[in-house]
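What follows is a set of notes on a single structure, which appears directly below.
The values are calculated or read from the model by the stated rules, or taken from the named source; none is laboratory data. Everything numeric in this text was worked out from a predicted model, so none of it was measured. Note that we place each Cβ from the backbone using ideal geometry, even for glycine, and neighbour counts take in every protein chain shown. Note: areas computed on protein heavy atoms with side chains; ligands, DNA, RNA excluded. Shrake-Rupley method; radii C 1.70, N 1.55, O 1.52, S 1.80 Å.
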Amino acid sequence: MAYRDQIKCLCLAALLIASGSINAHGAESPIASVQGADHRTPLPFDTEVTITGVVTGHFGRGFFVQSPQPDSDAATSEGIFVFPGNSSTFAVPKRGDTVRVTGKPDEFQPFPVPPIMRTRKVAVCGTTEINEVQSDDRKSFLRITQLNSVTAVEVTGSAQLPAPAEFNPPGATTDISFADVPNTPFNPAKHPRDYFEALEGMRVIIRDAIAVSRKEPRWETFWVASQASLDASEKSAYGLPLTKAGHVFPEVFEVHRAKDQPPFAPTVGTPLGDLTGIMSYQNGVYMVILDDIIDAASLPQPAHVELPAPTFGEGVRIATYNAENMSVASQGAALKIKRMADQIVTDLNSPTVIGLQEVQDDDGEGATATTTAQLTIEALVQAISSAGGPLYKAIALDPVLPNTDGGAPGGNIRNVFLIRNDAGLSIKSSERLFDTADRCDRDANPFSSTRKPVLVEVEIGGKPFVFVNLHLSSKLGDDGLYTNAEDPKPGSTAGRKRQAERLVSELERRYGANPPAIILMGDFNDHADSEALEPIRDSNLRFDFKPDRRGESFTASYAFNGVREAIDHFVIGGAQIEASATYLNLNADALDQVSDHNPVILEIDTTR
């Protein structure tokens, strides 16, 4: 099976309508024998084979063929992708045609397609130099068994499409903590990664599916799940998949729009009925290419979930909010800033303190020496006032040098505090931690080329507090579940763990003897129980991650591949205080997002 990025550069493939006998093709080989019971064909690539079957669909310039007479081995796929090559003499067969095809087996490693790009920009830390380099993503992708070097195709008639296999991967209705087990035999019955491979190129049906990820109208893929596969322990309060320790969610699956599908954007949670399509692979994940166009106008509305609106008391309220690369120079910046201000005033009820992450500089991405974000912050402060909110003053400490804080090259993202002018809060000091001479030395400084924490010491009602605004390193570099790593490793964990260790060590050094209340906030890029954040949990400062006060099912700030997770946190240590957190589901599931993160509110009682 091959993909459009390979195919677009080739001439239109077509069907050679051969009038000769089967001998013109050679002896037939069952598709299952070409696929084999593994991730790669057992046949040499120079072996010419002839297959027969029904054309079940098209993708790019190629087509899928499936045998109508399956063998008795569930480990071997009955379907295969045919890539006819760059011949200009062919015409494409129709869906439902029965065909006899001669070619050679091949294992094709698909090229990335947007949003994953073939190249990426990399900034040189501490300079304005930005280089474009080849992406390594493709190297991790699984290979796809296909029929290549096609020499003959014969249309022999027509037939009904083979019945689709029921989509029911191992772990769909029980917890499963792995996609595969290294150094074990191919086992579709127990390993999700092998299960999907055993269906490669075949028709499958996902029963009673619902949309579980947002989708822009022109996006080609989105994520779905069979409603029957999600039990209560795997759902958020809004009825959508919620991360669960010890479960990798093989039942949450990517689907690709059908050919000629008009742009559409179903609301998250929309029932889609039974979805039928062909099992395939793209961008490091398996997917189902849908057979039929979805009539967006006929889709029912998502089930209504009646939940009480969050309420806030009269105590000090602190918000953490990832602003997703906010800059006055970005396209659509004025509307984004206005909508964020509206959320801050209306939904967050104008918190006393706001910890922002991902605030870019005033000229956004690009190779300039600009590092200040003054205009961007002023625009947000003014928009909050215009929305009926109070005035805020900013604690915005610019990077000393360009491209030392990671993020999009040239964007110089940083963490920023906004504090209400009328808060009655006394600011004693503010500091960018670890922004030292070794800021570009990855070995010496765990926060090299990463957002620097901003620490602020304040007094509220005469009591000392320390606020730390964090944005730890992303998960870039982690192995995917469905890549060529049988035992995928979260390669980014070590970096975040080093950052957590350094931060905890610094806070214990400063405040260990007689600590004030210390509040960590921001985008930790990991779960509260993760290995990376273990140093925080084990600190002598007795840090405590605060879930949503309404329960774990509300504790989610982000959605990735159709599953909600909490990666933005409030963590309280040092002197004990009464506090509760509220995760506001404003953005992660919204069709029209202000940010890709939900904001979180912490209420603290300063009278105790």
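Computed quantities for the displayed model
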quantity: Crossing angle, helix 333-342 versus the chain [Cα axis fit, 0-90 degrees, rounded to tens]; calculated: 60
quantity: Environment charge of Gln374, counting only residues whose C-beta is closer than 11 Å and scoring Lys/Arg +1, Asp/Glu -1; calculated: -4
quantity: Cβ-based net charge around Glu197, under 14 Å, with every Lys or Arg adding one and every Asp or Glu removing one; calculated: -4
quantity: Euclidean distance of C-alpha centroids, segment 391-469 and segment 553-584, integer Å; calculated: 21
quantity: Förster radius 30 Å - calculated FRET efficiency between Thr119 and Asp441, Cβ distance, rounded to 0.05; calculated: 0.70
quantity: Average accessible surface area per residue within segment 331-370, 1.4 Å rolling probe, Å²; calculated: 38
quantity: Helix 374-386 vs. the chain, principal-axis angle (Cα, 0 to 90°, nearest 10); calculated: 80
quantity: Using θ = phi - 60° and Karplus 6.51 cos²θ - 1.76 cosθ + 1.60, couplings along segment 178-189 (whole Hz; Gly, Pro as x); calculated: 9, 9, 7, 10, x, 6, 10, x, 4, 8, x, 6
quantity: Residue-level accessible surface for Cys440, protein heavy atoms, 1.4 Å, Å²; calculated: 60
quantity: Interchain or long-range residues, amide H under 5 Å from Gln282's placed H; calculated: Met287
quantity: 5 angstrom amide H check on Leu242, placed H, neighbours 5+ away; calculated: Lys235, Ser236, Arg564
quantity: Accessible area of Met117 in the full protein assembly, 1.4 Å probe (Å², nearest 10); calculated: 100
quantity: Per-residue ³J(HN,Hα) for segment 306-316, Karplus 6.51 cos²θ - 1.76 cosθ + 1.60, θ = phi - 60°, Hz, x for Gly and Pro; calculated: 8, 10, x, 5, x, 10, 10, x, 9, x, 6
quantity: Cβ-defined net charge surrounding Thr102, 11 Å radius [Lys, Arg +1; Asp, Glu -1]; calculated: -1
quantity: Fraction of accessible area attributable to carbon and sulfur, the chain (%, probe 1.4 Å); calculated: 50
quantity: Helix 493-511 axis, angle to the chain major axis (alpha carbon atoms, nearest 10°); calculated: 10
quantity: Efficiency of FRET between Glu506 and Leu375 - r from beta-carbon atoms, R0 25 angstrom, step 0.05; calculated: 0.20
quantity: Rounded Å value of the spacing that divides the Cα centres of segment 210-236 and segment 114-160; calculated: 25
quantity: In Å², nearest 10: area of Leu290 left accessible to a 1.4 Å probe; calculated: 10
quantity: Which of Arg100, Arg608, Arg510, Arg40 is most accessible, then next, and so on - probe 1.4 Å; calculated: Arg608, Arg40, Arg510, Arg100
quantity: Amide H partners (placed H, <5 Å) of Asp544, local residues excluded; calculated: Ile572, Gly573
quantity: Segment Phe186-Asp529, length gained on full extension (0.36 nm per residue, minus Cα span); calculated: 120.3 nm
quantity: Under the Karplus curve 6.51 cos²θ - 1.76 cosθ + 1.60, θ = phi - 60°, whole-Hz ³J(HN,Hα) for segment 136-150, x wherever Gly or Pro sits; calculated: 8, 4, 4, 4, 8, 6, 5, 8, 10, 6, 9, 9, 10, 6, 6
quantity: Efficiency of FRET between Lys428 and Asp605 - r from beta-carbon atoms, R0 25 angstrom, step 0.05; calculated: 0.75
quantity: Loop sites in segment 303-392: GluC sites (Glu not before Pro), DSSP, at most 11 other Cβ within 10 Å; calculated: Glu306, Glu314
